[in-house]
Amino acid sequence: MKRLSEKLSVTCKKLIFGHVGACIIILCILPVLFIGHSFFRGFDIKIEQMSADTEEEDLIVVGFSQLGSESGWRTAHTASIQQALTKDAGYFLIYNNARQMQENQIKAIRSFISQRVDYIVFAPVIEDGWDTVLLEAKSAGIPVIVTDRMVNVQDDSLYTAWIGTDAKEEGKKAGRWLETYLGQKRRQPEEVNIVVLKGTVGSTAEIGRTKGFGEIAAQHDNWHILESVTAEFTANKAKEVMRSMLRRYPEMNVLISQNDDMTMGAIEAMEEAGIRFGEGGDVTVISFDATRDALELIQEGRINVDVECNPVQGAYVGETIQKLEKGETVQKHYVVEEKVFTRENAEEFLEHRKY
Ligand code: GYE
(Lines give C-alpha, C1' and ligand atoms only; values in the text may rest on other atoms or scores of the structure.)
Protein backbone atom coordinates (compact mmCIF):
# COMPACT_ATOMS: atom_id res chain seq x y z
CA MET A 1 0.00 0.00 0.00
CA LYS A 2 1.14 3.52 -0.74
CA ARG A 3 2.25 5.58 2.23
CA LEU A 4 -0.39 8.00 3.41
CA SER A 5 2.09 10.89 3.47
CA GLU A 6 2.87 10.25 -0.18
CA LYS A 7 -0.81 10.37 -1.07
CA LEU A 8 -1.42 13.56 0.83
CA SER A 9 1.44 15.20 -0.93
CA VAL A 10 -0.18 14.30 -4.25
CA THR A 11 -3.47 15.62 -2.90
CA CYS A 12 -1.94 18.96 -2.05
CA LYS A 13 -0.44 19.33 -5.46
CA LYS A 14 -3.53 18.37 -7.35
CA LEU A 15 -6.02 20.23 -5.22
CA ILE A 16 -4.19 23.50 -5.16
CA PHE A 17 -1.69 24.10 -7.95
CA GLY A 18 -1.22 20.98 -9.97
CA HIS A 19 2.54 21.41 -10.46
CA VAL A 20 5.74 20.26 -8.83
CA GLY A 21 6.93 22.12 -5.75
CA ALA A 22 3.40 22.90 -4.62
CA CYS A 23 3.89 21.38 -1.20
CA ILE A 24 6.68 23.82 -0.31
CA ILE A 25 4.41 26.73 -1.12
CA ILE A 26 1.60 25.09 0.79
CA LEU A 27 3.70 25.02 3.93
CA CYS A 28 3.96 28.82 3.69
CA ILE A 29 0.27 29.43 3.13
CA LEU A 30 -1.07 26.83 5.58
CA PRO A 31 -1.61 29.37 8.39
CA VAL A 32 -3.73 31.46 6.05
CA LEU A 33 -5.77 28.40 5.09
CA PHE A 34 -6.28 27.54 8.75
CA ILE A 35 -7.82 30.95 9.37
CA GLY A 36 -10.10 30.99 6.38
CA HIS A 37 -10.58 27.27 5.91
CA SER A 38 -13.64 27.69 3.68
CA PHE A 39 -11.29 26.66 0.87
CA PHE A 40 -11.68 23.00 1.76
CA ARG A 41 -15.21 23.15 3.09
CA GLY A 42 -16.82 21.25 0.24
CA PHE A 43 -14.83 18.13 0.99
CA ASP A 44 -14.93 18.08 4.78
CA ILE A 45 -11.22 17.47 4.79
CA LYS A 46 -9.60 18.45 8.05
CA ILE A 47 -6.15 19.65 7.14
CA GLU A 48 -4.93 19.57 10.73
CA GLN A 49 -5.98 15.97 11.14
CA MET A 50 -4.53 14.94 7.82
CA SER A 51 -1.17 16.54 8.61
CA ALA A 52 -1.00 14.76 11.93
CA ASP A 53 -1.84 11.49 10.28
CA THR A 54 0.92 11.78 7.73
CA GLU A 55 3.16 10.35 10.46
CA GLU A 56 1.24 7.14 10.38
CA GLU A 57 1.76 4.40 7.89
CA ASP A 58 -0.36 1.60 6.57
CA LEU A 59 -3.73 3.27 7.05
CA ILE A 60 -6.12 2.30 4.31
CA VAL A 61 -7.39 5.54 2.79
CA VAL A 62 -11.10 5.42 1.90
CA GLY A 63 -13.06 8.20 0.21
CA PHE A 64 -16.73 7.94 1.14
CA SER A 65 -19.30 9.85 -0.89
CA GLN A 66 -22.62 9.88 0.94
CA LEU A 67 -25.59 11.10 -1.11
CA GLY A 68 -27.05 13.37 1.57
CA SER A 69 -28.61 13.55 5.01
CA GLU A 70 -32.31 13.52 4.14
CA SER A 71 -33.54 10.92 6.62
CA GLY A 72 -33.06 9.12 9.92
CA TRP A 73 -32.12 6.06 7.89
CA ARG A 74 -29.38 8.02 6.12
CA THR A 75 -27.93 9.22 9.43
CA ALA A 76 -27.76 5.60 10.60
CA HIS A 77 -26.15 4.48 7.33
CA THR A 78 -23.47 7.18 7.55
CA ALA A 79 -22.79 6.31 11.18
CA SER A 80 -22.48 2.64 10.31
CA ILE A 81 -19.78 3.33 7.71
CA GLN A 82 -17.96 5.77 10.02
CA GLN A 83 -18.04 3.31 12.91
CA ALA A 84 -16.66 0.50 10.77
CA LEU A 85 -13.89 2.44 9.01
CA THR A 86 -12.17 3.94 12.04
CA LYS A 87 -8.53 4.71 12.59
CA ASP A 88 -8.36 1.96 15.19
CA ALA A 89 -9.51 -0.47 12.55
CA GLY A 90 -6.75 0.80 10.25
CA TYR A 91 -8.58 3.32 8.05
CA PHE A 92 -8.28 6.96 7.16
CA LEU A 93 -11.78 7.97 6.10
CA ILE A 94 -12.50 11.02 3.96
CA TYR A 95 -16.23 11.75 4.16
CA ASN A 96 -18.19 13.90 1.75
CA ASN A 97 -21.90 14.72 1.89
CA ALA A 98 -23.29 15.38 -1.61
CA ARG A 99 -26.52 16.99 -0.39
CA GLN A 100 -28.69 15.07 -2.86
CA MET A 101 -26.78 16.24 -5.92
CA GLN A 102 -25.25 13.75 -8.32
CA GLU A 103 -22.85 16.42 -9.60
CA ASN A 104 -21.48 16.77 -6.06
CA GLN A 105 -20.92 13.02 -5.88
CA ILE A 106 -19.11 13.05 -9.21
CA LYS A 107 -16.90 15.92 -7.96
CA ALA A 108 -16.18 14.05 -4.72
CA ILE A 109 -15.26 10.85 -6.58
CA ARG A 110 -12.94 12.81 -8.88
CA SER A 111 -11.35 14.42 -5.85
CA PHE A 112 -10.83 10.96 -4.29
CA ILE A 113 -9.20 9.80 -7.52
CA SER A 114 -6.84 12.76 -7.57
CA GLN A 115 -5.99 12.08 -3.92
CA ARG A 116 -5.14 8.52 -4.91
CA VAL A 117 -7.23 6.96 -2.16
CA ASP A 118 -7.05 3.19 -1.79
CA TYR A 119 -10.83 2.64 -2.05
CA ILE A 120 -13.91 4.62 -2.99
CA VAL A 121 -17.12 3.83 -1.16
CA PHE A 122 -20.27 5.55 -2.36
CA ALA A 123 -24.03 5.58 -1.96
CA PRO A 124 -25.39 6.80 -5.30
CA VAL A 125 -28.30 9.24 -5.16
CA ILE A 126 -29.80 7.86 -8.39
CA GLU A 127 -28.98 4.82 -10.53
CA ASP A 128 -28.08 6.38 -13.90
CA GLY A 129 -25.17 8.51 -15.03
CA TRP A 130 -22.12 6.92 -13.38
CA ASP A 131 -20.32 5.23 -16.29
CA THR A 132 -17.81 7.98 -17.01
CA VAL A 133 -16.66 8.72 -13.49
CA LEU A 134 -16.50 5.04 -12.55
CA LEU A 135 -14.40 4.38 -15.62
CA GLU A 136 -12.04 7.10 -14.40
CA ALA A 137 -11.78 5.33 -11.02
CA LYS A 138 -11.20 1.99 -12.71
CA SER A 139 -8.50 3.44 -14.96
CA ALA A 140 -6.81 4.85 -11.85
CA GLY A 141 -6.88 1.33 -10.37
CA ILE A 142 -9.10 2.31 -7.43
CA PRO A 143 -11.69 -0.30 -6.40
CA VAL A 144 -15.19 1.13 -5.93
CA ILE A 145 -17.60 -0.31 -3.38
CA VAL A 146 -21.19 0.79 -3.94
CA THR A 147 -23.40 0.78 -0.87
CA ASP A 148 -27.13 1.25 -0.17
CA ARG A 149 -28.53 2.17 -3.61
CA MET A 150 -27.41 0.58 -6.88
CA VAL A 151 -25.82 2.00 -10.03
CA ASN A 152 -27.08 1.26 -13.51
CA VAL A 153 -23.91 0.88 -15.58
CA GLN A 154 -23.23 -0.78 -18.93
CA ASP A 155 -20.24 -2.69 -17.60
CA ASP A 156 -20.50 -4.03 -14.08
CA SER A 157 -16.73 -4.34 -13.76
CA LEU A 158 -16.86 -0.58 -13.12
CA TYR A 159 -17.52 -1.38 -9.48
CA THR A 160 -15.98 -4.11 -7.37
CA ALA A 161 -18.88 -4.87 -5.04
CA TRP A 162 -22.31 -3.64 -3.99
CA ILE A 163 -23.68 -3.93 -0.46
CA GLY A 164 -27.28 -2.87 -0.04
CA THR A 165 -30.90 -3.84 0.34
CA ASP A 166 -33.44 -5.50 -1.93
CA ALA A 167 -35.80 -2.59 -2.62
CA LYS A 168 -38.05 -4.52 -4.99
CA GLU A 169 -38.51 -7.28 -2.46
CA GLU A 170 -39.34 -4.62 0.15
CA GLY A 171 -42.09 -3.30 -2.13
CA LYS A 172 -43.43 -6.82 -2.59
CA LYS A 173 -43.40 -7.43 1.16
CA ALA A 174 -45.57 -4.32 1.60
CA GLY A 175 -48.00 -5.61 -1.03
CA ARG A 176 -48.14 -9.10 0.45
CA TRP A 177 -48.74 -7.69 3.92
CA LEU A 178 -51.66 -5.64 2.59
CA GLU A 179 -53.12 -8.72 0.87
CA THR A 180 -53.03 -10.69 4.10
CA TYR A 181 -54.30 -7.79 6.20
CA LEU A 182 -57.26 -7.10 3.92
CA GLY A 183 -58.02 -10.79 3.77
CA GLN A 184 -58.26 -11.06 7.56
CA LYS A 185 -61.42 -10.38 9.54
CA ARG A 186 -63.28 -9.27 6.43
CA ARG A 187 -61.26 -6.08 6.24
CA GLN A 188 -61.44 -6.10 2.46
CA PRO A 189 -63.18 -2.89 1.40
CA GLU A 190 -64.83 -2.95 -2.00
CA GLU A 191 -62.32 -0.54 -3.41
CA VAL A 192 -58.76 -0.20 -2.12
CA ASN A 193 -57.74 3.36 -2.90
CA ILE A 194 -54.02 3.83 -2.59
CA VAL A 195 -51.78 6.90 -2.57
CA VAL A 196 -48.04 6.28 -2.86
CA LEU A 197 -45.50 8.77 -1.51
CA LYS A 198 -42.35 8.00 -3.44
CA GLY A 199 -38.74 8.77 -2.56
CA THR A 200 -36.13 10.41 -4.78
CA VAL A 201 -37.12 9.64 -8.35
CA GLY A 202 -34.57 7.42 -10.09
CA SER A 203 -33.09 6.08 -6.84
CA THR A 204 -32.98 2.33 -6.27
CA ALA A 205 -35.21 2.59 -3.22
CA GLU A 206 -37.88 4.45 -5.21
CA ILE A 207 -37.61 2.28 -8.33
CA GLY A 208 -37.60 -1.03 -6.45
CA ARG A 209 -40.31 -0.28 -3.91
CA THR A 210 -42.58 1.18 -6.59
CA LYS A 211 -42.12 -1.84 -8.88
CA GLY A 212 -42.37 -4.44 -6.15
CA PHE A 213 -45.57 -3.04 -4.67
CA GLY A 214 -46.96 -2.33 -8.16
CA GLU A 215 -46.59 -6.00 -9.14
CA ILE A 216 -48.71 -7.15 -6.22
CA ALA A 217 -51.24 -4.34 -6.70
CA ALA A 218 -51.66 -5.34 -10.35
CA GLN A 219 -52.94 -8.75 -9.22
CA HIS A 220 -56.00 -7.18 -7.58
CA ASP A 221 -58.75 -5.63 -9.65
CA ASN A 222 -60.06 -3.63 -6.72
CA TRP A 223 -56.69 -2.04 -5.79
CA HIS A 224 -56.40 1.38 -7.37
CA ILE A 225 -53.26 3.45 -7.19
CA LEU A 226 -54.84 6.90 -7.27
CA GLU A 227 -51.51 8.66 -7.50
CA SER A 228 -47.80 8.04 -6.97
CA VAL A 229 -46.02 11.24 -6.17
CA THR A 230 -42.55 12.02 -4.89
CA ALA A 231 -41.90 13.69 -1.56
CA GLU A 232 -38.15 13.15 -1.89
CA PHE A 233 -37.77 11.00 1.23
CA THR A 234 -38.24 14.01 3.55
CA ALA A 235 -40.84 14.73 6.21
CA ASN A 236 -41.42 18.38 5.28
CA LYS A 237 -42.07 17.68 1.64
CA ALA A 238 -44.32 14.75 2.55
CA LYS A 239 -46.47 16.91 4.82
CA GLU A 240 -46.99 19.40 2.01
CA VAL A 241 -47.71 16.70 -0.60
CA MET A 242 -50.02 14.81 1.73
CA ARG A 243 -52.12 17.90 2.41
CA SER A 244 -52.83 18.15 -1.29
CA MET A 245 -53.44 14.37 -1.65
CA LEU A 246 -56.04 14.53 1.13
CA ARG A 247 -57.85 17.36 -0.61
CA ARG A 248 -57.80 15.57 -3.95
CA TYR A 249 -58.56 12.03 -2.82
CA PRO A 250 -60.99 11.91 0.10
CA GLU A 251 -61.65 8.28 -0.91
CA MET A 252 -58.05 7.27 -0.13
CA ASN A 253 -57.89 4.40 2.36
CA VAL A 254 -54.29 3.15 2.06
CA LEU A 255 -51.09 5.18 2.27
CA ILE A 256 -47.84 3.67 1.04
CA SER A 257 -44.99 5.89 2.15
CA GLN A 258 -41.58 4.85 0.89
CA ASN A 259 -39.71 5.90 4.04
CA ASP A 260 -40.36 6.68 7.68
CA ASP A 261 -39.51 10.37 7.45
CA MET A 262 -42.20 10.88 4.82
CA THR A 263 -44.59 8.82 6.94
CA MET A 264 -44.06 11.19 9.87
CA GLY A 265 -44.81 14.19 7.64
CA ALA A 266 -47.89 12.50 6.18
CA ILE A 267 -49.16 11.61 9.65
CA GLU A 268 -48.93 15.26 10.68
CA ALA A 269 -50.98 16.25 7.63
CA MET A 270 -53.63 13.61 8.43
CA GLU A 271 -53.81 14.74 12.04
CA GLU A 272 -54.23 18.33 10.92
CA ALA A 273 -57.07 17.29 8.60
CA GLY A 274 -58.75 15.20 11.32
CA ILE A 275 -58.33 11.93 9.39
CA ARG A 276 -58.37 8.69 11.40
CA PHE A 277 -55.45 6.50 10.38
CA GLY A 278 -53.50 3.45 11.53
CA GLU A 279 -55.09 0.64 13.50
CA GLY A 280 -58.85 0.97 13.48
CA GLY A 281 -58.64 4.11 11.34
CA ASP A 282 -59.85 4.98 7.86
CA VAL A 283 -56.40 5.06 6.29
CA THR A 284 -54.05 2.07 6.60
CA VAL A 285 -50.45 3.28 6.87
CA ILE A 286 -47.61 1.28 5.31
CA SER A 287 -44.07 2.55 5.77
CA PHE A 288 -40.48 1.54 4.97
CA ASP A 289 -37.19 1.65 6.93
CA ALA A 290 -38.35 0.74 10.47
CA THR A 291 -36.31 3.30 12.38
CA ARG A 292 -36.71 3.53 16.16
CA ASP A 293 -39.18 6.43 15.95
CA ALA A 294 -41.33 4.50 13.51
CA LEU A 295 -41.31 1.35 15.66
CA GLU A 296 -42.70 3.52 18.46
CA LEU A 297 -45.48 4.73 16.15
CA ILE A 298 -46.30 1.10 15.35
CA GLN A 299 -46.62 0.40 19.05
CA GLU A 300 -49.00 3.34 19.32
CA GLY A 301 -51.01 1.89 16.42
CA ARG A 302 -50.35 4.91 14.20
CA ILE A 303 -48.37 2.97 11.58
CA ASN A 304 -49.85 -0.40 10.62
CA VAL A 305 -46.75 -2.00 9.17
CA ASP A 306 -43.15 -1.06 8.49
CA VAL A 307 -41.01 -2.95 6.01
CA GLU A 308 -37.48 -2.86 7.30
CA CYS A 309 -34.62 -1.45 5.31
CA ASN A 310 -31.37 -2.17 7.08
CA PRO A 311 -28.82 0.71 7.16
CA VAL A 312 -26.21 -1.23 9.11
CA GLN A 313 -23.93 -1.89 6.16
CA GLY A 314 -20.56 -0.56 7.40
CA ALA A 315 -19.27 -3.85 8.78
CA TYR A 316 -19.82 -5.57 5.40
CA VAL A 317 -18.05 -2.71 3.63
CA GLY A 318 -15.13 -3.16 6.05
CA GLU A 319 -15.05 -6.94 5.52
CA THR A 320 -15.07 -6.45 1.77
CA ILE A 321 -12.09 -4.09 1.96
CA GLN A 322 -10.21 -6.51 4.22
CA LYS A 323 -10.75 -9.34 1.77
CA LEU A 324 -9.58 -7.20 -1.13
CA GLU A 325 -6.49 -6.24 0.87
CA LYS A 326 -5.65 -9.94 1.19
CA GLY A 327 -6.21 -10.43 -2.51
CA GLU A 328 -9.29 -12.61 -1.92
CA THR A 329 -12.29 -12.52 -4.23
CA VAL A 330 -15.39 -10.84 -2.88
CA GLN A 331 -19.08 -11.40 -3.41
CA LYS A 332 -20.25 -9.01 -6.13
CA HIS A 333 -23.66 -8.30 -4.60
CA TYR A 334 -24.43 -8.59 -0.92
CA VAL A 335 -27.96 -8.00 0.40
CA VAL A 336 -28.36 -7.29 4.11
CA GLU A 337 -31.07 -9.01 6.16
CA GLU A 338 -34.47 -7.34 6.63
CA LYS A 339 -37.72 -7.95 8.50
CA VAL A 340 -41.31 -6.74 8.55
CA PHE A 341 -42.60 -5.03 11.70
CA THR A 342 -46.12 -4.81 13.05
CA ARG A 343 -47.51 -4.34 16.55
CA GLU A 344 -46.86 -8.03 17.21
CA ASN A 345 -43.07 -7.83 17.02
CA ALA A 346 -42.14 -4.11 17.24
CA GLU A 347 -41.59 -4.08 20.99
CA GLU A 348 -39.12 -6.93 20.99
CA PHE A 349 -36.84 -5.09 18.51
CA LEU A 350 -37.37 -1.59 19.89
CA GLU A 351 -35.30 -2.41 22.95
CA HIS A 352 -32.11 -2.91 20.93
CA ARG A 353 -32.79 -0.44 18.13
CA LYS A 354 -29.94 2.05 17.96
CA TYR A 355 -31.26 4.31 15.19
O1 GYE B 1 -35.25 4.11 2.71
C2 GYE B 1 -34.59 6.34 2.92
C3 GYE B 1 -33.36 7.01 2.53
O4 GYE B 1 -31.75 4.37 -0.09
C5 GYE B 1 -32.65 2.67 1.21
O6 GYE B 1 -32.94 6.35 1.37
C7 GYE B 1 -32.31 4.09 1.13
C8 GYE B 1 -33.45 5.04 1.39
C9 GYE B 1 -34.16 4.93 2.72
O10 GYE B 1 -33.35 8.33 2.56
O11 GYE B 1 -35.02 6.64 4.21
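The values are calculated or read from the model by the stated rules, or taken from the named source; none is laboratory data. None of these values were measured; they are calculated from a predicted model. Note: ideal-geometry Cβ built from the backbone for every residue, glycine included; neighbour counts use all protein chains shown. Calculation scope for accessible area: heavy atoms of the full protein, side chains included, ligands and nucleic acids excluded. Shrake-Rupley method; radii C 1.70, N 1.55, O 1.52, S 1.80 Å.
Between M101 and E272, what FRET efficiency comes out of the Förster formula 1/(1 + (r/R0)^6) with R0 = 30 Å and r the beta carbon distance, rounded to 0.05? All intermediate terms of the calculation are to be shown ahead of the outcome.
Working: r = 31 Å, r/R0 = 1.05.
That gives a FRET efficiency of 0.45.
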Give K168/K354; K173/K339; K237/K339; K172/K211; K198/K237; K239/K354 a once-over and call out the pairs whose C-alpha atoms are over 18 Å from each other.
K168/K354; K237/K339; K239/K354
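When you count, for each residue, the other Cβ atoms within 10 Å and take the mean per peptide, how do 167-177, 76-86, 321-331 rank with the highest first?
Working: 167-177: 21.4, 76-86: 19.2, 321-331: 13.0.
Those peptides, ordered most packed to least, come out 167-177, 76-86, 321-331.
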Cβ charges +1 (Lys, Arg) and -1 (Asp, Glu), total dipole of segment 167-309, debye
260 debye
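Would you please classify the overall shape of segment 167-309 from the alpha carbon gyration tensor, given that a ≥ b ≥ c denote the square roots of the eigenvalues, rounded means a/c under 1.5, and beyond that prolate means a/b larger than b/c while oblate covers the rest? Please list the in-between numbers first.
Values: a/c = 1.22, a/b = 1.05, b/c = 1.17.
Taking the square roots of the gyration eigenvalues as a ≥ b ≥ c, segment 167-309 is rounded.
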Loop-only GluC sites (Glu not before Pro) in segment 177-285, please: DSSP not H, G, I, E or B, and at most 12 other Cβ atoms within 10 Å.
E190, E191, E251
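What is the percent carbon and sulfur in the accessible area of segment 159-295, measuring with a 1.4 Å probe over the protein chains and ignoring ligands?
On the way: 2570 of 5580 Å².
Of all accessible area on segment 159-295, carbon and sulfur atoms account for 46 percent.
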